[in-house]
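Here, each number is a calculation from the coordinates, and none is a lab measurement. Computed from a predicted structure; not experimentally measured. Positions of Cβ are backbone-derived with ideal geometry, glycine not excepted, and every protein chain shown enters the neighbour counts.
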Amino acid sequence: PGKVTHAFNQGQRATYLPPLRTYLSISVIYFLTVQMIGQNSVLFLNFGSDSADTGDIGNLVQYVLFLLVPIFALILQLFHRQRSGYYVEYLVFAVHTHSIWFVIFWVHLVTDHLLALSPVEPGSIRHILRVTVSATSQILPVIYLILSLRRVFAATWIWAILKAIAVMFLYLLIFGSMVAGYLYLKDLGNPN
């Protein structure tokens with residue numbers, strides 16, 4: 001974790017794909033999979049069974065995630081004020097991190113879909129596997145962030161863990177506020 005970002009920020013760019021191309025490719029694959037599978041959830045947010053609302057909110061989440069990449073970079077820069085560095089370094093970190101998160105979410109999405117093709121009995125091996133995959137895919141993004149912060153910014157373990165928790169808290173707070181704000185404004189515009 002963080003190896004590509006660290007190398008890219010050190011000027012070793014010819015070896016790796018451009019970060020934005022990687023992010024766009026992976027996010028397109030993820031959201032196409034969401035649409036093909038017909039999921040009523042995007043990431044770990046469930047939007048109910050109304051397909052029109054699901055598509056609308058799913059599209060919103062896509063836009064919010066694109067907007068949050070530079071915001072994530074700003075949050076990282078805020079936590080590293082004492083370090084000299086350009087915003088673009090934090091932006092590369094944010095793009096690579098989001099790319100990996102989308103891979104984790106994609107694996108969770110596909111695995112969960114395959115396991116749910118037939119009824120899953122509580123306590124069965126498939127149920128345990130489904131719960132394990134879900135829990136793992138919720139923990140892995142934070143673990144990846146901690147390990148990346150440690151490598152890219154040469155943070156100690158304690159600082160990497162504390163920064164990861166603080167960054168994720170702010171990130172999820174902003175994400176939730178943007179989605180909730182949209183839903184509130186949508187309800188105001190809908191008289192029914």
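With only Cα atoms counted, segment 52-181 has Rg and Dmax values of 17.1, 54 Å. Tally Lys/Arg at +1 and Asp/Glu at -1 over every other residue whose Cβ is under 14 Å from the Cβ of VAL152; what's the total? With Lys, Arg at +1 and Asp, Glu at -1, the neighbours total +4. Put simply, when 142-151, 122-131 are sorted by average Cβ atoms within 10 angstrom per residue, most first, you get 142-151, 122-131.
Ellipsoid semi-axes for segment 147-190, based on the Cα gyration tensor and the rule √(5λ), read 35, 8, 4 Å when sorted largest first. Protection proxy ranking of 70-76, 106-112, by the mean of other Cβ atoms within 10 Å over each peptide's residues and highest first, is 70-76, 106-112.
Counted over segment 111-192 with a bin width of 10 Å, the fraction of Cα pairs per bin, in whole percents, is 16, 24, 23, 29, 8, 1.
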